[in-house]
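The structure under discussion appears below in the form of structure tokens.
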Amino acid sequence: MVEKVRTVTDVCCPFCGTLCDDLEIDIDLKTDQVVEVRNGCQIGTKKFYASNPSEHRFEKPLIKKNGELTEVSWEEAIDKAADILVKAQRPLLYGFSSTECEAQSRGVELAELLNAILDNTASVCHGPSLLAIQDVGASLATLGEIKNRADTVIFWGSNPVHAHPRHLSRYSDFIRGYFRTDGRNDRYIIVVDPRYTHTAQIADKYIKVKPNEDYELIQSIRAVLRGTDLDVKEVAGVPIEDIKELVERLKSANFGVLFFGMGLTQSLAHHRNIETAIRLVTELNDYNKFILIPMRGHYNVAGANQVFAWNTGYAYSIDFSRGYPRYNPGEFSSVQLLMRDEVDASLVVASDPGSNFPAGAVKNLFKHPLIAIEPHKTPTSAFADVVLPAAIAGIECEGTAYRMDKVPLRLRKVKEAPGESLSDKEILERIIEKVKGKLGE
């Protein structure tokens, strides 16, 4: 019997920071297209199907001519991209969180070569987490430790049912671990959120905090933990009795974990929220084992922070304009730079700021020359002057990615990229070579 499909096992899913590594992908031998995905969540599964050729995929390089994107050769497209970057006084290289670490390293090299601004999506998501950890350190662990040991799990400002669909079933809730053999029955789930999310609906305890008052609630929990008698009836909308009950629950845990998301990092107080959460976790370690883990969104944003840090000393919002890396989130962050209209050309890699940056930042992004390294049509690519079609990392090319707990995993190639698409790494290497030629290096 002639086989009609080829099955690739142990595939990492390049969607979210959970980076599930147990997917099985069936590839049609005749068409080289994905025909079935097993073990993936709905969103991750759709990403694999979206890799198949369609009207939404870019298959050839494009340059905007007379207001229309026109197919050109790779040589012409790379030359145009390099020309834009070399002529810019203040170029921005942004994105990098949905590509492999090897491409991220080339991005650092290119930014240094151009004396450019280098930033990744952490500046609009978990940048405050990185700032807080730099300030006070953190008690961290791997997701494997959570799976095997955690009996008390807090999701603060995070909704994994929607954002990390298999997190609960693989690591934090329903999964059976070495010391938590009864799965869900061995774990107590707490959700702290202004909204009654789908994660809150399956929790054992839901605490409704007022928007932007997370800092006050965490500080009150710390105060009660120290034995302070608070002379108020409620803090941040949470009755004192509920806070006392929560503290007793946390003290009685054997192994606890605090997962926190953008509901904590992007609310008022930002990195101070994370700093005081870290201090709470540190103080809980006087009673038991307690750790915390940021719920990273893009599947390799943690890798972008790692790669940028080991190359420059800094995880994001880096300025090379003086010939060496400087770091100052806010001053050198993409949104703030664009809002101040300080960027005169941009290279966007594996990201879509056009659909999620503030309107003022997007307006200034689009009015200057823009290069997009992107596999699909997006609002950003629609306004780009140069579009360079990329193979999708983890599906059409290999690479390395870091899970949300900073564990590196190998991405597998399961099929060929359509058309003339190249990997992000190869595209950036070609741009670097061309830029060096234009700079006379």
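The set of residues in the stretch 87-118 that are farther than 27 Å from ILE395 by Cβ and touching a Phe, Trp or Tyr at 6+ places or on another chain (Cβ under 7 Å) comprises GLU112, ASN115, ALA116, ILE117.
Of the candidates LEU246, LEU264, LEU258, LEU217, the single residue that is over 22 Å from ALA132 (Cα atoms), buried (at least 18 other Cβ atoms within 10 Å of the Cβ) and touching a strand residue (DSSP E or B) at 6+ places or on another chain (Cβ under 8 Å) is LEU246.
Which one of LYS30, LYS80, LYS64, LYS60 is assigned to a loop (DSSP other than H, G, I, E, B), in contact with a strand residue (DSSP E or B) (Cβ under 8 Å, 6 or more places away or on another chain) and either at pLDDT 95 or above or not acidic (Asp, Glu) (or both)? Let's see the steps before the verdict.
Numbers: LYS30 fails: in contact with a strand residue (DSSP E or B) (Cβ under 8 Å, 6 or more places away or on another chain); LYS80 fails: assigned to a loop (DSSP other than H, G, I, E, B); LYS64 fails: assigned to a loop (DSSP other than H, G, I, E, B).
Step by step, each of LYS30, LYS80, LYS64, LYS60 is checked, and only LYS60 is assigned to a loop (DSSP other than H, G, I, E, B), in contact with a strand residue (DSSP E or B) (Cβ under 8 Å, 6 or more places away or on another chain) and either at pLDDT 95 or above or not acidic (Asp, Glu) (or both).
Taken over the stretch 28-49, residues that are within 12 Å of GLU396 (Cα to Cα) and either polar (S, T, N, Q) or in contact with a Lys or Arg (Cβ under 8 Å, 6 or more places away or on another chain) (or both) amount to 3.
The one condition from (1) hydrophobic (A, V, I, L, M, F, W, C); (2) outside any strand (DSSP E or B); (3) more than 17 Å from HIS167 (Cα to Cα) that LEU19 does not meet is (3).
Taking the stated definitions as given, is LEU131 assigned by TED's automatic domain parsing to the domain that holds ARG279 and either surrounded by fewer than 23 Cβ atoms within 10 Å (Cβ to Cβ) or within 25 Å of ILE218 (Cβ to Cβ) (or both)?
yes
The values are calculated or read from the model by the stated rules, or taken from the named source; none is laboratory data. Keep in mind it's a predicted model, so treat the numbers as computed, not measured. Heads up, the Cβs are rebuilt from the backbone with ideal geometry, glycines too, and the neighbour counts pull from every protein chain shown.
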